[in-house]
1. Tell me the residue from GLU572, GLU511, GLU553 that is of a type in the set (Asp, Glu) and either closer than 30 Å to PRO357 by Cα or within 16 Å of the ligand (Cβ to nearest atom) (or both), please.
2. Residue check: is ALA418 open to solvent by less than 10 Å² (accessible area, probe 1.4 Å), modelled with pLDDT of 90 or more and either touching a Leu at 6+ places or on another chain (Cβ under 9 Å) or in a loop (DSSP other than H, G, I, E, B) (or both)?
3. May I ask you to verify whether LEU51 is modelled with pLDDT of 90 or more and more than 30 Å from ARG259 (Cβ to Cβ)?
4. Among the numbered conditions (1) buried (at least 21 other Cβ atoms within 10 Å of the Cβ); (2) touching a helix residue (DSSP H, G or I) at 6+ places or on another chain (Cβ under 7 Å); (3) not small (Gly, Ala, Ser), tell me where PRO494 comes up short.
5. Please find, among ALA258, ALA242, the residue that is touching a residue at least 40 places away in the same chain (Cβ under 8 Å), aliphatic (A, V, I, L, M) and more than 30 Å from VAL178 (Cβ to Cβ).
6. Can you tell me which residues in the range 261-273 are within 13 Å of ALA561 (Cα to Cα) and either more than 16 Å from the ligand (Cβ to nearest atom) or open to solvent by 20 Å² or more (accessible area, probe 1.4 Å) (or both)?
7. Given the criteria of a type in the set (Val, Ile, Thr) and crowded, with 17+ Cβ neighbours inside 10 Å, does VAL301 qualify?
8. Can you name the residue in the range 1-53 that is touching a residue at least 24 places away in the same chain (Cβ under 8 Å) and part of a loop (DSSP other than H, G, I, E, B) and, of all such residues, is farthest from PRO281 (Cα to Cα)?
Amino acid sequence: MDRRSTRSVLAGAAGVALASGGAIGVGLAAWIARLNGWSFGGDAALIAVYLGALYTGVIGCGLVGSALFLLALGGRPGPRVFFGLALAFCLLLTGALRYVPSVQLLSVVPHMTAIGALDIAVLLAAVLLIGIGVARASPRPLAGLVASALALLIGLEMVHRAHERPLYRDLTRVVPEVIAGTAPVWPPPAAEPFENAKLVVLGFDGLSWEVLIPLLHRGELPNFHALISRAAYGHLETLPFAISPVVWEVISTGQPEARHGIGYHSHFEFRGVSRRVRRLPHFRLTNSPMALRRALARASVLAPWKQVPANSTDARVARLWEVADHAGLSVGIYDWMNTSPVAPVLGFVHGYGPIPPRMFPPGLDDDLPALPSGGAPGADGERWVTDSLPRERANYRRFRALAQRFRPELLMFYTHLADAANHLSWKDATFGNRIFFAGIEHPDVEPGAAIVAATRFLDDLLGDILARLPDRAALAIVSDHGFDFRGYEHDNGPPGVFILAGPGVRTGLTEGASVFDMAPTWLHLLGLAVADDMRGTPLAIASPGGPLDRPVERVASYGPAATPLAGGVASEADLEEREQYLRALGYVN
Ligand SMILES: [Zn+2]
């Protein structure tokens with residue numbers, strides 16, 4: 001083969017890469033613009049250029065590699081073959097490994113699951129059929145082959161759909177049964193109560209009825225038992241794609257993610273683009289078209305864009321504590337998601353996230369004892385929980401000290417210990433090294449040592465809160481999502497937990513609650529108006545004739561989020577630590 005034909009084959013490969021990469025760049029940029037509420041202007045055009053270059057590079061490497069391989073075999077592939085290959089490659093990037101890389105391999109037991117293997121087999125078959133069709137190029141077999149490929153893909157989608165439905169365990173019988181066994185014991189009052197508290201909200205990330213029920217059965221959660229027996233409780237419907245910072249912002253605002261501004265754990269900043277990209281396209285569960293999030297994250301080391309942790313400067317609509325603060329209530333917020341850099345309030349904010357300032361008032365933690373280090377990323381679940389408990393305890397003691405110092409009317413405390421313990425250990429504890437058929441098996445979880453330790457810690461914490469809760473105060477427990485112990489963990493939006501007790505709250509199961517209803521319910525409870533632009537409504541939890549049995553006050557809107565104090569920049573060490581942490585728990589990849 002002469003040099004000229006080699007060159008023209010390579011040029012063909014490069015041309016196809018440029019054409020397909022460019023088209024993908026424009027398509028994805030238009031999608032991003034729509035998702036983020038932009039019109040297609042200069043910002044989107046620049047993103048189209050960046051993504052076009054990225055995917056031209058990615059596809060180009062594949063096509064030039066294939067060209068060299070085919071040339072070495074003596075072939076002389078033309079553009080049509082390259083188009084076929086490019087299409088196959090895009091399909092693979094978009095659909096294949098639907099769970100495997102993002103969920104299964106990063107989960108605790110890193111084996112390939114039956115569903116993951118099925119995905120790959122079906123997608124490869126579909127790709128092959130389309131590839132053969134394109135290479136043959138005569139219309140009749142092509143149509144048949146494409147139809148067969150589509151049938152395979154649709155079949156695969158149907159298999160997934162059946163198994164992606166989140167589990168809603170029937171609580172009508174189960175909870176009364178588990179709490180009826182023994183008499184509930186409310187902890188005796190502590191010497192120093194939370195004096196002015198009207199509402200205490202405990203945000204327990206990842207807390208699930210799937211774990212609470214067996215542990216309540218075993219009598220291991222006396223304080224949950226006591227609380228549930230005098231509370232309204234139920235499943236909390238969450239977002240179909242339950243990403244913690246996104247869901248917590250829904251909980252804090254009652255607003256959907258398209259409006260509240262938090263789109264993921266991290267957002268992207270592109271050089272020359274005036275706005276942060278908060279939301280990226282994704283299909284059901286963790287899969288993004290053309291593996292977009294992963295490609296952007298990997299390339300960000302060299303490319304003119306970077307990831308920034310989602311933070312309070314991204315928040316667009318007023319959060320519960322900001323509304324309360326505006327209404328003249330004092331607030332104390334501890335480690336609540338998306339709170340740093342902090343905004344001033346009447347009270348205190350101990351912010352969550354790597355971006356300073358993290359404390360309001362400044363110097364808030366100066367005379368608090370330093371926090372011990374937590375569990376190391378990469379440790380096994382039980383070890384991680386054991387190593388993290390001293391830090392968790394110290395964190396709670398800090399919260400308590402601040403609550404006693406400031407005596408706020410609204411107190412909010414967050415921890416993600418339960419979520420981390422579930423992520424890190426349930427497969428290990430339930431399956432050991434046996435093959436686990438994600439999406440097919442649907443086992444009851446056997447909470448292992450790590451989950452038991454984490455949940456018992458929450459129970460102890462709850463006991464201390466109950467002992468300090470004034471009679472006139474309400475207590476809410478909320479989780480952003482539960483766990484679906486089928487292998488998806490919580491990507492398919494299994495319901496969280498809500499529990500609410502206080503004066504005028506009717507006890508027993510409340511059905512149909514969603515994360516959108518939390519802020520409206522708490523506002524009503526605090527005697528504040530509910531905004532018309534919130535998606536949720538106050539739950540029907542008022543006992544007839546009680547103090548909550550009154551009409552809901554309305555206001556049109558609470559407007560934008562408070563402006564955080566001029567932010568510093570997160571230190572590289574803090575960002576790196578956060579990244580490692582999220583990765584170790586399988587939150588990001
Ligand atoms: Zn979560």
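The values are calculated or read from the model by the stated rules, or taken from the named source; none is laboratory data. Quantities reported herein were computed from a predicted structural model and do not represent experimental measurements. No Cβ is skipped: glycine too gets one built from the backbone with ideal geometry, and neighbour counts run over all protein chains shown. Surface areas here come from the heavy atoms of the whole protein model, side chains and all, with no ligands, DNA or RNA. Shrake-Rupley method; radii C 1.70, N 1.55, O 1.52, S 1.80 Å.
1. GLU572
2. So ALA418 passes the test.
3. Answer is no for this residue.
4. (2)
5. ALA258
6. Scanning the range 261-273 gives a single hit, GLY261.
7. No: the conditions fail for VAL301.
8. Here the answer is MET1.
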